[in-house]
Amino acid sequence: MKKAIVTGATGGLGRNLVQTLLAQGWQVAACGRNAEIGKMLDTEFHAFDLSDRNQTLKAFSNADIVFHCAALSSPWGRYEDFYRANVTATQNVLAAMRQHHIGKLVHVSTPSIYFDYLDQHKVPETFISRHFVNDYAYTKFLAEQEVAAATDLSSVIIRPRGIFGEYDTAVLPRLLKISEKGFLPLIRRSGREAGGALVDVTYVGNVVHALLLAAEADVPRAMPFNITNGEPQTIAALYRQIIDILHLGCRLKPVSYRLIDSVARLLETQARLTRSFREPLVTRYSIGTISFDQTLDISRARSLLGYEPQISVADGLRQYARSLKG
């Protein structure tokens, strides 16, 4: 029986991965910070913070592979917190792997390292923004560098775009909260239709599928792979699907990009001046992700991992809707 260690096991992606591994007969040691969720995983669970090296070394044990899904993912916060959660934690995972003679790592990164407030189409893995959009993106890039520098370990890096689905705590929950106001905003940039930004998203089941393929892949060390549903669509089309499938009683409302970006700049400035690390109601990054085109080239994952999305965006939304009903 194969054994996997899964970090970030109490997050959305980690929980789905743990469930799939257990269903396929793996032995799983799950790590996370949320002890309450950890009790629901029906497997060995260790509640601790990966930025603590001693706890990480103690919690890890001999295994075939580590799936490193843990991260601090937010558009706002203290740099020190991002560095500790994304860089120091990765350094400690690598140290624990060496101590316990674990040879393979699948590291979950982010395509946020590409984003630069410009329209981007079919972005390849070789592209990196010259100006990282926030501390999250920068520290995830640094974490990738740590993985790449670990020349004694076999590793694969995946960069999934816009993960949604069961146990989602970010993408869909935020939209559901906004929809309670009676509308979802369609950002209108100069010369473009409202909601016209072309984007990729990824159903969580497809990301889990990619993780399992990466676990078996024989590819160059620390090679990164873009992962999406391969269904680029406009924000307007995506929101219409969400409203229809989740039965949201709201409308689509055009909003000026220039206006809402100005509001975000003001709120961010106030937060900095008051030294508030609480995420502002609106951030430039959160607005930017639904205002600019960003589609990823997944041909490398298709050719080298054998990756093909298993579940469409529409079917993923239906499965998410069913999960909300319990």
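Between residues in region 135-149 that are without any contact (Cβ under 8 Å) to a residue 40 or more places away in the chain and residues that are assigned to a helix (DSSP H, G or I) and polar (S, T, N, Q), which pairs lie under 8 Å by C-beta distance while being six or more apart or on different chains?
Correct list of pairs: 137/112.
Could you give every pair whose Cβ atoms fall below 9 Å, whose first residue belongs to region 1-28 and is in contact (Cβ under 8 Å) with a residue 60 or more places away in the chain and basic (Lys, Arg), and whose second residue is surrounded by fewer than 17 Cβ atoms within 10 Å (Cβ to Cβ) and assigned to a strand (DSSP E or B), counting only separations of at least 6 or pairs across chains?
2/27; 3/27
I'd like the residue in region 98-121 that is of a type in the set (Val, Ile, Thr) and over 30 Å from residue 234 (Cβ atoms) and, out of all such residues, is farthest from the chain's Cα centre (by Cα).
Taking region 98-121 as the starting set, the residues that turn out to be of a type in the set (Val, Ile, Thr) are 102, 106, 108, 110, 113.
From the residues that got through so far, the ones that are over 30 Å from residue 234 (Cβ atoms) too are 102, 106.
Values: 102: 24, 106: 14 Å.
Only one residue fits best here, namely 102.
Answer yes or no: is there a residue in region 278-295 that is of a type in the set (D, E, K, R) and at pLDDT 95 or above.
Within region 278-295, one or more residues are of a type in the set (D, E, K, R) and at pLDDT 95 or above.
Give 176, 213 a once-over and let me know the one that is assigned to a helix (DSSP H, G or I), buried (at least 16 other Cβ atoms within 10 Å of the Cβ) and touching a helix residue (DSSP H, G or I) at 6+ places or on another chain (Cβ under 7 Å).
From the options 176, 213, the qualifying one is 213.
Among the residues of region 276-296, is there at least one that is more than 20 Å from the chain's Cα centre (by Cα), surrounded by fewer than 19 Cβ atoms within 10 Å (Cβ to Cβ) and more than 20 Å from residue 174 (Cβ to Cβ)?
no
Which one is nearest to residue 68 (Cα to Cα), of the residues in region 135-171 that are surrounded by fewer than 16 Cβ atoms within 10 Å (Cβ to Cβ) and among the small types (Gly, Ala, Ser)?
Top of the filtered list is 148.
Check every one of the strands (runs of 3 or more DSSP E) wholly within region 216-302 and list those with 2 or more residues that are within 30 Å of residue 68 (Cβ to Cβ).
On the way: elements: 223-227, 251-256, 294-296.
Passing ranges, in order: 223-227, 294-296.
Just one of 85, 95 is within 19 Å of the chain's Cα centre (by Cα) and in contact (Cβ under 8 Å) with a residue 12 or more places away in the chain; which is it? Walk me through how you get there before you give the answer.
Details: 95 fails: within 19 Å of the chain's Cα centre (by Cα).
Selected residue: 85, the only one of 85, 95 that is within 19 Å of the chain's Cα centre (by Cα) and in contact (Cβ under 8 Å) with a residue 12 or more places away in the chain.
Restrict the check to region 6-14 and report whether at least one residue is modelled with pLDDT of 95 or more, within 21 Å of residue 215 (Cβ to Cβ) and more than 22 Å from the chain's Cα centre (by Cα).
For region 6-14, residues modelled with pLDDT of 95 or more, within 21 Å of residue 215 (Cβ to Cβ) and more than 22 Å from the chain's Cα centre (by Cα): absent.
In contact with a strand residue (DSSP E or B) (Cβ under 8 Å, 6 or more places away or on another chain) and either free of Cβ contacts under 8 Å to residues at least 60 places away in the same chain or closer than 24 Å to residue 203 by Cα (or both), is that true of residue 40? Before the answer, list the steps.
On the way: in contact with a strand residue (DSSP E or B) (Cβ under 8 Å, 6 or more places away or on another chain): no; either free of Cβ contacts under 8 Å to residues at least 60 places away in the same chain or closer than 24 Å to residue 203 by Cα (or both): yes.
No: the conditions fail for residue 40.
Quick check: anything in region 75-82 touching a residue at least 24 places away in the same chain (Cβ under 8 Å), out of contact with any strand residue (DSSP E or B) (no Cβ under 9 Å at 6 or more places or on another chain) and crowded, with 22+ Cβ neighbours inside 10 Å?
So far as region 75-82 goes, yes, one or more of its residues are touching a residue at least 24 places away in the same chain (Cβ under 8 Å), out of contact with any strand residue (DSSP E or B) (no Cβ under 9 Å at 6 or more places or on another chain) and crowded, with 22+ Cβ neighbours inside 10 Å.
Please verify whether region 185-207 includes one or more residues that are part of a loop (DSSP other than H, G, I, E, B), under 22 Å from residue 262 (Cα atoms) and within 22 Å of the chain's Cα centre (by Cα).
Yes, region 185-207 contains at least one residue that is part of a loop (DSSP other than H, G, I, E, B), under 22 Å from residue 262 (Cα atoms) and within 22 Å of the chain's Cα centre (by Cα).
Please enumerate the residues belonging to region 27-69 that are among the aromatic types (Phe, Trp, Tyr) and crowded, with 18+ Cβ neighbours inside 10 Å.
45, 60, 67
Kindly provide the set of residues from region 306-316 that are surrounded by 21 or more Cβ atoms within 10 Å (Cβ to Cβ) and either within 17 Å of residue 239 (Cβ to Cβ) or touching a strand residue (DSSP E or B) at 6+ places or on another chain (Cβ under 6 Å) (or both), ordered by number.
313, 316
Restricting region 53-87 to residues that are of a type in the set (Ser, Thr, Tyr) and in contact with a Phe, Trp or Tyr (Cβ under 8 Å, 6 or more places away or on another chain), which is farthest from residue 9 (Cα to Cα)?
74
Would you call residue 71 over 24 Å from residue 144 (Cα atoms) and under 22 Å from the mean Cα position of the chain (by Cα)?
Values: over 24 Å from residue 144 (Cα atoms): no; under 22 Å from the mean Cα position of the chain (by Cα): yes.
In short, no.
Here is a check on your reading of the model: is residue 151 at pLDDT 95 or above, over 26 Å from residue 203 (Cβ atoms), of a type outside the set (A, V, I, L, M) and assigned to a loop (DSSP other than H, G, I, E, B)?
yes
Taking the residues in region 113-134 that are among the acidic types (Asp, Glu) and at pLDDT 95 or above as candidates, determine which candidate is surrounded by the most Cβ atoms within 10 Å (Cβ to Cβ).
Out of the qualifying residues, it is 125.
The values are calculated or read from the model by the stated rules, or taken from the named source; none is laboratory data. Computed from a prediction, not measured in an experiment: that's the story for all the values here. Using ideal geometry, Cβ is built from the backbone for each residue, glycine included, and neighbour counts are taken over all protein chains shown.
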